[in-house]
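The values are calculated or read from the model by the stated rules, or taken from the named source; none is laboratory data. None of the values given here were measured: they were computed from a predicted structure. Quick reminder, even Gly has a Cβ in these numbers, built from the backbone with ideal geometry, and neighbours come from all protein chains shown.
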Amino acid sequence: MCHGNEINRIMNSRTSIKIILLIVGAVTIFHLSILFKVIPYEITWGGRLKTDSEMYVFTLVSIAINLLLGTTLLIKGGYVKKIIRLEVVNLILWIFLILFGLNTIGNLFAETLFEKSISILTLALSILIYIVLKAKDNERTRT
């Protein structure tokens, strides 16, 4: 059984960032599939979208938000040049942590089973972002 320090050693900030980036990539592909009507939009957003125009707006906003999260994590992990200050990066990540926490609750009350099951993913993202935010600064620097 893993204990505090062992979990921290196993799941450090860099590992968390890599996992989140994989999830963000998969979610972006999912949204692109919705945008190009490979996947029906009726199974997303709690089953509330009724028109193509609503789908385009929600999907494009979702893709933009995922790109923001991905870019923020790439900066935090030291994978790309810091174009914004670390304090701003951390603020953006705290906002995402809160949004994913609220999204987890919202997904539990969604109309579709698919959307309800996404609450597991948003909870995992919340935990992973928390790990990234609580990690030591020297752990975030790319080696």
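Overview of values
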{"item": "Candidates Asn90, Asn103 - the one that is modelled with pLDDT of 95 or more and either in a helix (DSSP H, G or I) or aliphatic (A, V, I, L, M) (or both)", "result": "Asn90"}
{"item": "Residues that are touching a residue at least 24 places away in the same chain (Cβ under 8 Å) and surrounded by fewer than 18 Cβ atoms within 10 Å (Cβ to Cβ), drawn from the range 75-85", "result": "Gly78, Tyr79"}
{"item": "Residue that is farthest from Phe96 (Cα to Cα), among those in the range 26-64 that are aliphatic (A, V, I, L, M) and not in a helix (DSSP H, G or I)", "result": "Val38"}
{"item": "Selection within the range 27-42 - touching a Leu at 6+ places or on another chain (Cβ under 9 Å) and surrounded by 12 or more Cβ atoms within 10 Å (Cβ to Cβ)", "result": "Val27, Thr28, His31, Leu35, Tyr41, Glu42"}
{"item": "Leading residue by the ranking (surrounded by the most Cβ atoms within 10 Å (Cβ to Cβ)) among those in the range 107-116 that are out of contact with any Ser or Thr (no Cβ under 8 Å at 6 or more places or on another chain) and in a helix (DSSP H, G or I)", "result": "Lys116"}
